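Undergrad: Right, I'll just put the structure down here and ask away after.
Nothing in this text is a laboratory measurement; each read-out follows from the coordinates by a stated rule. Just so we're clear, the structure is a prediction, and the values are computed from it rather than from any experiment. Glycine also receives a Cβ, built like all others from the backbone with ideal geometry; neighbour counts cover every protein chain displayed.
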């Protein structure tokens, strides 16, 4: 894409009411726009990052038999009353409520266990139908009291939620263990694997414990107690004798430290609660009606984007990991649009995604914008670089640059 | 994909409260699930069709410089009050309203002119910034009084909406004319081009006329007055002397007939109304502040899916055009799973999308399901077909089938 065609502009200051670093950076660089606290539009660059994150997740989930679908935002109360989650006071008033013109009360889904369990009653009847792994990328609406953390805590945000429908606890547990590995792969590919910990935490209603994936991050709302060497981590809220006993943790054997972290994913055992309440059963080989055993697996997509922006940034701007960057290469033309366009075409032909800064701007402005936007590789075409034999090549996260010939560029970018 | 892994099942009957043909077929075939009237979930097969339609639209819009983004559902009232569209009585109460826990009133966007115009005030300042073409695929919420037409009239539905931000009427008009061609290409590729007409209709607030794209369809809510030979069409609501005069139509020269039709797209001139109300201006070369001139261009994605299902179907089920079909090939194994899987792998290697019916079902059931689901090419592997020298090959829309060798299959599918 040519930057002269991109409608977004960078800005020196974020809006005054925006206090979070991730949103300040992403707004200044033109990735997002703030509609209200916790509610953000994704501008072209931001949407590209969001889609890259989705594709990494999608690929891993399809590989283990996940089936993508898309449920609805508008919800009628019947199925939620069965699980006692229609209540006004639920989670401090998490529901956004609305109504049809005929006064029928509706809610905006903040999660989809009830909706999907109900759908499955039309499609599951026999043990032969199970297991099923269904997932979606769908906007969740949560009426948060406070939303001051930018994309880290959204009132309207895109979530990947997968649900397993299993024959019994055993089949569910096998999948649950498999998902720990799948999530590890996902966070590795997203570039945050080395600072993301599988974390013991409270299990909520359905089981004593669940697991979260917590990423070390100063802006996070949680505190992680972890041993880096041994890779053992516990949410500070649950760091107690009960946990030590249940997980055979002898505190003396560990070097636990505390650090702020953000929850980027969670995996829950739901058991039979939803199936029993909503009537999702299957016939086993003996013809008995058995409730389906369930689990749920979430990742907040904009939250991952926020964590990346918080972690991978410096005083100049964002430093995107290559796997999620809006483009691989930022090609800056300093009054050399003809030569730059030649290189631009060549890179495009090779399938390398490149943003060409062909704008009529001063070099200093182009460099500053490039650092702020944070594309991994910066290539500068100037009369100086051409005299020196090629283009200036620099990684966003390194200080040094080098001159390389145009012919060597493709090879260099494939390293 | 293997059908044994697909969680959806076909069903003989649609829900009793579902009166529209498109929703009946799509529910029975397992493409969608009804949450409430006008609100449908997209199950795996349905999501595949939706994504195919989106990709056809996206390709055409990117080719003319469209920039994809994604705005928010939740809206605060300030910007909508400026255009006088926050009113409770607007379009018979089209707004769904909700509120934050602190009582701040919010609305669920039924369109996005206001939101995008406001965003553009941060990015447009000079004539050099224009024109801009921005679009999104985003869920719209419309509090329709009645919603009995399945996916033809949704209360929650995915819409492609593009907006042009132009220097003046002239630049806008040039783009507007170009978009007529773009829409024609889109509807051609979707397989409904030959029965879709560029239709003169009422222009609403901003200009005397606008154009709709109307597709001949018994389930449609409009009536099209058109001359098939000459390709001239007028919405019956606007078929009057005024139109004849303004478009130089001498009724005697035309052979107008009436037929029911569904509006699959519309293109509007918005003029300066939004820019003036919200303060979106640019500096021209003389340094004067000029309001931006706008237009909007919509396509309801599920409505297109509904129209296709209405038109391309028979008493047995749906007949998808190849461009939007969930798979290209439906491969039915009649107790020949080993041979079928061999063919399945071969087709996948060639990049041909195939649904393999490897389920433990009777042939009659497999044939009925295949006709209901409506994948364009059906290939049957049975002991009979293998004895005859290969597989049975049949197009969903034709009666006759033929036996062809497995080696000839790829060639046949590339015809």
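Undergrad: Determine the shielding of peptide B:124-131 by partner chains: average, over its residues, the number of Cβ atoms on other chains within 10 angstrom of each Cβ.
TA: Mean partner shielding for this stretch: 1.
Undergrad: Let me ask you something else. Please compute P(r) over all alpha-carbon pairs of segment A:235-308, binned at 5 Å starting from zero, and give each bin as a whole-number percent.
TA: Taking all Cα pairs of segment A:235-308, the binned fractions are 3, 11, 12, 12, 14, 13, 13, 9, 7, 4, 1 percent.
Undergrad: Turning to a different aspect of this structure: One decimal, nm, shortest first: give the distances between the label point of residue B:88 and those of the same position in the other copies, each label point 7 Å from Cα along Cα→Cβ.
TA: Once sorted, the set of distances for residue B:88 reads 1.9 nm.
Undergrad: By count of other Cβ within 10 Å, fewest leading, how are B:173, B:82, A:251 ordered?
TA: By the 10 Å Cβ count, ascending, the order reads A:251, B:173, B:82.
Undergrad: Still on this structure, I have one more. How would you rank A:159, A:120, going from fewest to most other Cβ atoms within 10 Å of each one's own Cβ?
TA: A:159, A:120
Undergrad: For residue B:204, place a label point 7 Å out from Cα along the Cα→Cβ vector, do the same in each other copy, and report the separations in nm, one decimal, smallest first.
TA: Nearest first, the other copies' label points are 4.1 nm away.
Undergrad: A follow-up question, please. Calculate, in nm to one decimal, what residue A:254 and residue A:230 gain on full extension: separation in residues at 0.36 nm each, minus their alpha carbon distance.
TA: That pair, residue A:254 and residue A:230, stretches by 7.9 nm at full extension.
Undergrad: Hey, fewest Cβ within 10 Å first, where do B:99, B:123, B:330 land in order?
TA: Exposure proxy ranking, most exposed first: B:99, B:123, B:330.
Undergrad: On to the next question. How much length would be gained if the chain were fully extended between residue B:414 and residue B:173, taking 0.36 nm per residue of separation minus their Cα-Cα distance, in nm to one decimal?
TA: Answer, rounded to one decimal: 82.7 nm.
Undergrad: To continue, here is another question. Taking a ≥ b ≥ c as the square roots of the eigenvalues of the Cα gyration tensor of segment B:327-413, is the shape rounded (a/c under 1.5), prolate (a/b larger than b/c) or oblate?
TA: Here segment B:327-413 falls in the rounded category.
Undergrad: A follow-up question, please. I want to verify a result. In a Gaussian network model of chain A, Cα cutoff 10 Å, which of these has the top mean-square fluctuation: A:310, A:105, A:81?
TA: The residue with the greatest mean-square fluctuation here is A:105.
Undergrad: In addition: Give me the angle, in degrees from 0 to 90, between the Cα long axis of helix B:301-311 and the longest principal axis of the Cα atoms of chain B, rounded to the nearest 10.
TA: 50
Undergrad: Same structure, new question: If you count, for each residue, the other Cβ atoms within 10 Å and average over each peptide, how do B:256-269, B:281-294 line up from highest to lowest?
TA: Descending mean neighbour count gives B:256-269, B:281-294.
Undergrad: Report the residue, chosen from B:157, B:42, B:239, that carries the largest GNM mean-square fluctuation when chain B is represented by alpha-carbon nodes joined by springs under 10 Å.
TA: Comparing B:157, B:42, B:239 in the GNM, the peak value goes to B:239.
Undergrad: Please give the helix A:337-349 orientation as an angle from the longest Cα principal axis of chain A, in degrees from 0 to 90, rounded to the nearest 10.
TA: Helix A:337-349 sits roughly 40 degrees off the main axis of chain A.
Undergrad: Let me ask something else. Over 20 Å intervals from 0, what percent of Cα-Cα pairs in the protein assembly as shown sits in each interval?
TA: 14, 44, 36, 6, 0
Undergrad: In degrees, nearest 10, range 0 to 90: what is the angle between the Cα axis of helix A:169-189 and the longest Cα principal axis of chain A?
TA: That works out to roughly 10 degrees.
Undergrad: Could I ask something else about it? From the square roots a ≥ b ≥ c of the eigenvalues of the alpha-carbon gyration tensor of segment A:1-89, which class results: rounded (a/c under 1.5), prolate (a/b over b/c), or oblate?
TA: oblate
Undergrad: Let me ask something additional. Ignore the peptide's own chain and count Cβ atoms of other chains within 10 Å of each Cβ in B:90-99; give me the average, rounded.
TA: Other-chain Cβ atoms within 10 Å of each residue's Cβ, averaged: 3.
Undergrad: Other chains near B:251-260: what is the mean number of their Cβ atoms within 10 Å of each residue's Cβ?
TA: Taking the mean over all residues of the peptide, I get 0.
Undergrad: Ignoring solvent entirely, what values of log10 I(q)/I(0) come out of the Debye formula for segment B:174-313 at 0.12 Å⁻¹ when each Cα is a single scatterer?
TA: The Debye formula, applied to the Cα set alone, gives -0.55.
Undergrad: If I model chain A as equal point scatterers sitting on the Cα atoms and use the Debye formula, what is log10 I(q)/I(0) at q = 0.09 Å⁻¹?
TA: Debye output, listed in q order: -0.65.
Undergrad: I need to check one value: relative contact order of chain B, counting alpha carbon pairs closer than 8 Å and at least 6 residues apart, in percent.
TA: The value is 16 percent.
Undergrad: Now for a different question. So, in Å, what gap is there between the alpha-carbon centers of segment B:115-156 and segment B:352-395?
TA: 42
Undergrad: To continue, here is another question. Between segment B:210-289 and segment A:211-236, what's the alpha-carbon centroid distance in Å?
TA: Between the Cα centres of segment B:210-289 and segment A:211-236 lies a distance of 59 Å.
Undergrad: For segment A:56-81 and segment A:307-337, write down the distance between their C-alpha centroids in whole Å.
TA: Spelled out, the Cα-based centre of one part sits 32 Å from the other.
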